[in-house]
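A quick write-up on the structure given underneath.
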Amino acid sequence: MLQTQDLTVRFGGHVAVNAVSCSFAPGTLTAIVGPNGAGKTTFFNLVSGQIPASSGTVHLNGVDLSQAPVSARTRAGLGRAFQLTNLFPHLSVLENVRLAVQAMRSGAHWHGLNLWSIWSDHRALTERALEILHTVAMQHQQAVQVASLPHGDQRKLEVALLMALEPQVFMFDEPTAGMSHDEAPVILNLIRELKKDKRKTILLVEHKMDVVRELADRIIVLHNGTLVADGDPATVIALPVVQEAYLGVAKEAA
Ligand SMILES: Nc1ncnc2c1ncn2[C@@H]1O[C@H](COP(=O)(O)OP(=O)(O)OP(=O)(O)O)[C@@H](O)[C@H]1O
Ligand SMILES: [Mg+2]
């Protein structure tokens with residue numbers, strides 16, 4: 001169970017996330033919606049530790065992670081998609097995924113300088129990395145240098161790296177933004193598959209309401225940093241505050 005309590009961050013005088021208290025249970029996919037600038041990405045940044053909170057707490061399975069750095073939160077099971085700035089642009093797609101798998105597994109076992117185990121580990125890491133690339137339909141691009149990937153493929157690689165961490169909590173921030181009509185279904189299918197694992201907690205920031213309707217078990221609405229609605233999709237979508245604040249904006253944009 002992931003829990004935030006009065007989670008708040010101020011940038012100067014602006015309160016970007018305002019006292020958000022919310023719990024997210026395993027086996028549920030919660031969509032986080034709200035207009036541009038509502039604080040959705042900032043909320044993810046606070047949960048993952050990318051930015052420090054001004055006040056409030058983050059607990060995972062009862063463990064207080066409020067002061068923990070990103071690395072400790074990742075080890076605890078909070079998975080936030082990598083930013084591409086964290087990748088190795090001059091290494092191949094496969095090498096990047098293998099490094100993520102290795103990073104996740106290091107510490108789990110240490111064989112010392114046993115050459116056989118280094119070799120067999122290397123092979124196991126490669127196999128796992130290829131398996132992950134398969135799930136995002138990028139196995140044919142394994143040898144491509146990351147720097148030369150098209151934008152949509154870079155976004156898919158972000159998801160691949162997130163998978164490599166095997167987190168308990170998956171945080172997807174507009175995962176199909178910038179993807180082509182061919183690419184988006186690959187990621188949506190992957191999220192559908194992840195949903196079947198009832199140990200996983202999925203948080204999805206998504207502007208596309210058809211995607212939200214299909215995938216979400218629950219919707220929370222942020223508006224000016226405040227949680228203004230929380231409930232099952234049909235109920236939340238019907239609320240006047242959502243019709244005005246969110247769908248109104250979406251209609252203008254469409
Ligand atoms: N590092 C920062 N410094 C100052 N202000 C910031 C910072 N990060 C976010 N903000 C501000 O906080 C508010 C919330 O931004 P955020 O990116 O979380 O919104 P969002 O809901 O993700 O929007 P979008 O749907 O456009 O992605 C905005 O007013 C933004 O300008
Ligand atoms: Mg955002």
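See the values below:
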{"read-out": "Tabulated pairs, the stretch 192-207, first more than 14 Å from Met1 (Cβ to Cβ), second among the acidic types (Asp, Glu) and surrounded by 18 or more Cβ atoms within 10 Å (Cβ to Cβ), C-beta under 6 angstrom, 6+ apart or interchain", "value": "Val205/Asp173"}
{"read-out": "Residue count for the stretch 28-44, restricted to those that are hydrophobic (A, V, I, L, M, F, W, C) and touching a Lys or Arg at 6+ places or on another chain (Cβ under 7 Å)", "value": "3"}
{"read-out": "All positions within the stretch 216-234 that are under 17 Å from the mean Cα position of the chain (by Cα) and crowded, with 19+ Cβ neighbours inside 10 Å", "value": "Ala216, Ile219, Ile220"}
{"read-out": "Hits in the stretch 7-30 - residues which are within 13 Å of ligand 1 (Cβ to nearest atom) and not basic (Lys, Arg)", "value": "Leu7, Thr8, Val9, Phe11, Gly12, Gly13, His14, Val15, Ala16, Val17, Asn18, Val20"}
{"read-out": "Which listed residue is among the polar types (S, T, N, Q), in a strand (DSSP E or B), assigned by TED's automatic domain parsing to the domain that holds Glu214 and away from ligand 1 (no atom under 16 Å from the Cβ), from Thr4, Thr57", "value": "Thr57"}
{"read-out": "Those residues of the stretch 142-168 which are in contact with a strand residue (DSSP E or B) (Cβ under 9 Å, 6 or more places away or on another chain) and either under 18 Å from Asn189 (Cβ atoms) or of a type in the set (D, E, K, R) (or both), in sequence order", "value": "Val159, Leu162, Met163, Glu166"}
{"read-out": "Residue in the stretch 8-46 that is nearest to ligand 2 (Cβ to nearest atom), counting only those that are of a type in the set (Ser, Thr, Tyr) and within 18 Å of the chain's Cα centre (by Cα)", "value": "Thr41"}
{"read-out": "All positions within the stretch 71-97 that are within 26 Å of Gly152 (Cβ to Cβ), modelled with pLDDT under 90 and in a helix (DSSP H, G or I)", "value": "Thr74, Leu84, Thr85, Asn86"}
{"read-out": "Count - residues of the stretch 1-40 that are among the hydroxyl-bearing types (Ser, Thr, Tyr) and surrounded by 15 or more Cβ atoms within 10 Å (Cβ to Cβ)", "value": "4"}
{"read-out": "Residue that is surrounded by the fewest Cβ atoms within 10 Å (Cβ to Cβ) [pool: residues in the stretch 185-215 that are part of a helix (DSSP H, G or I) and either in contact with a His (Cβ under 8 Å, 6 or more places away or on another chain) or not aliphatic (A, V, I, L, M) (or both)]", "value": "Asp210"}
{"read-out": "Residue within the stretch 35-43 that is assigned by TED's automatic domain parsing to the domain that holds Gly225, hydroxyl-bearing (Ser, Thr, Tyr) and closer than 28 Å to Glu193 by Cβ present", "value": "yes"}
{"read-out": "Unmet requirement for Ala81, which otherwise passes all of (1) surrounded by fewer than 21 Cβ atoms within 10 Å (Cβ to Cβ); (2) within 16 Å of ligand 1 (Cβ to nearest atom); (3) within 16 Å of Pro167 (Cα to Cα)", "value": "(1)"}
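The values are calculated or read from the model by the stated rules, or taken from the named source; none is laboratory data. Treat the numbers as computed from the prediction; the structure is a model and nothing was measured. Note: ideal-geometry Cβ built from the backbone for every residue, glycine included; neighbour counts use all protein chains shown.
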